[in-house]
1. Order these peptides, 45-53, 62-70, by their mean beta-carbon neighbour count within 10 angstrom, highest first.
2. Between Ser68 and Val53, what is the spin-label point distance in nm, taking each point 7 Å from the Cα along the Cα→C-beta axis?
Amino acid sequence: MIVPQHTCFSNDPVARNQICQRVLANRCSHGTGFVQPLQPQEHWAMDFSCVNVAGAFYYLCSIGDGCSRFNVHWEIREAMKAADADCD
């Protein structure tokens, strides 16, 4: 989506940088509810992706640390069920 008051073009890289800084400073506050963890192992995130390997689809399951963004664990599975993603 292009917002007209936030859209402009300039050939001057300095002016373009200044415009980008102004636009970023005036962005809406959506998505500001997440607080970045300050210590490792305070917040973990799970991610599931479908990966095409030589024409066959596999599930890539990964767990990442919220503070360091380090991938703590990953594995590839041929099949998954809803119970595989359960945290309990």
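1. Details: 45-53: 10.1, 62-70: 14.0.
With the highest mean Cβ count within 10 Å placed first, the list reads 62-70, 45-53.
2. Spacing of the two 7 Å Cα→Cβ label points: 2.5 nm.
Every number here is computed from the coordinates shown, using simple stated rules; none is lab data. Because the structure is predicted, anything quoted here is derived from the model rather than measured. Virtual Cβ from ideal backbone geometry, glycine too; neighbours counted across all protein chains shown.
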